[in-house]
Amino acid sequence: MNILITGAAGFIGCFLARRLLELGHAVTGIDELNDYYSPKLKLARLSMLGIREQAPEYNVPLEGAPNFRFVKMHLEDREGLEKLFTEGAFDVAVNLAGQAGVRYSLENPFSYVQSNVLGFVNLLECCRAHPVRHLLYASSSSVYGGNEKTPFHEDDPVNTPVSLYAATKRCDELIAHVYAHLYRIPSTGMRFFTVYGPWGRPDMAPVLFAKAILAGKPINVFNNGNLSRDFTYIDDIIESVVRLIDRAPEGRVPTDIYNVGCGHPMALMDFIHTLEDALGKKAEMHMLPMQKGDVYQTFADTTKLRNLTGFCPSTPLSEGIRRFAAWYQSDDNPIREN
């Protein structure tokens, strides 16, 4: 198949592109390479896909590994995206682009609306004009807001988000439903739960904590450590997405949503102790109150995903953190501080 991946220099996007290329698919990746976090990490991920030179200005393609093409572009570029779809004749589109981060959305709301909502509408319009077999897009566990009933199920209420980031992701789900209803664009929303692993985002807890612990600096522990997260290893995320690609929704309104999580939440303090063991060094902890926009727990019910695909993410946190810690301390890590 000929597959488009937006956010191809991102954590999930890079690993998905690599897996699809290994499976023999042709992949076109786009990414705006913004500076929300170090572009050095994004460029290093692209080098894993055969892109060996500095990314060009917008809309100038680079050829990487066999069957991989990269274009520097953001989803708000309607004209560029339309041209890409006209030339690409894509079978499948996977939208992993967008402004990430819950806390950052408190300070930069416009970037979230531009990228996560307007950019997604641009993509849907291209899928409308140039039909694809299946559109998959990244949603988030944050749409469950402060729901106290666990585990979170896809049919649970999601009308009370507690961050703008979560609100934009829920907005994407609703817009995708509208396009499936009006134009029969088959779409699948993937509610990802706390993705981690080697090459992960530096604004996420594993990297933030590892960096501070190894430097002998305190880590910020919010809500005095009384939080839990459904940490999901990157390989499990990728396997889930790959299996979903061939399972486009059907019916009168061809759209659906799946939790993509491990289904085994871990208390934040247990996560910290597991990371300490993997790094061989104790953490100094700075206890802080709950942060605005944060939720107390995430816990995925993955029954629906398992019933459809036969797969349920299951990498133990101890093993996933061991792999992450080994990468973080290796020469492969482009953002490691000696």
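Odds and ends about this structure:
- Pair list, Cβ under 9 Å, 6 or more apart: region 161-181 residue touching a residue at least 60 places away in the same chain (Cβ under 8 Å) and assigned to a loop (DSSP other than H, G, I, E, B), other residue surrounded by fewer than 22 Cβ atoms within 10 Å (Cβ to Cβ) and of a type in the set (D, E, K, R): VAL162/LYS292; VAL162/ASP294; SER163/ARG103; SER163/LYS292; SER163/ASP294
- All positions within region 308-329 that are assigned to a loop (DSSP other than H, G, I, E, B) and either modelled with pLDDT under 95 or touching an Asp or Glu at 6+ places or on another chain (Cβ under 9 Å) (or both): PHE311, CYS312, PRO313, SER314, THR315, PRO316
- When residues of region 292-301 are limited to those that are part of a loop (DSSP other than H, G, I, E, B) and modelled with pLDDT under 95, the one surrounded by the most Cβ atoms within 10 Å (Cβ to Cβ): THR298
- Count - residues of region 242-282 that are touching a strand residue (DSSP E or B) at 6+ places or on another chain (Cβ under 9 Å), assigned to a helix (DSSP H, G or I) and among the charged types (D, E, K, R): 1
- Index of the failed condition, THR188 passing every other in (1) in a helix (DSSP H, G or I); (2) under 20 Å from VAL241 (Cα atoms): (1)
- Among the helices (runs of 4 or more DSSP H) confined to region 5-105, the ones with at least 2 residues that are in contact (Cβ under 8 Å) with a residue 24 or more places away in the chain, touching a Leu at 6+ places or on another chain (Cβ under 7 Å) and surrounded by 17 or more Cβ atoms within 10 Å (Cβ to Cβ) are located at 11-22, 78-88.
The values are calculated or read from the model by the stated rules, or taken from the named source; none is laboratory data. These figures come from a predicted structure and were not determined experimentally. Positions of Cβ are backbone-derived with ideal geometry, glycine not excepted, and every protein chain shown enters the neighbour counts.
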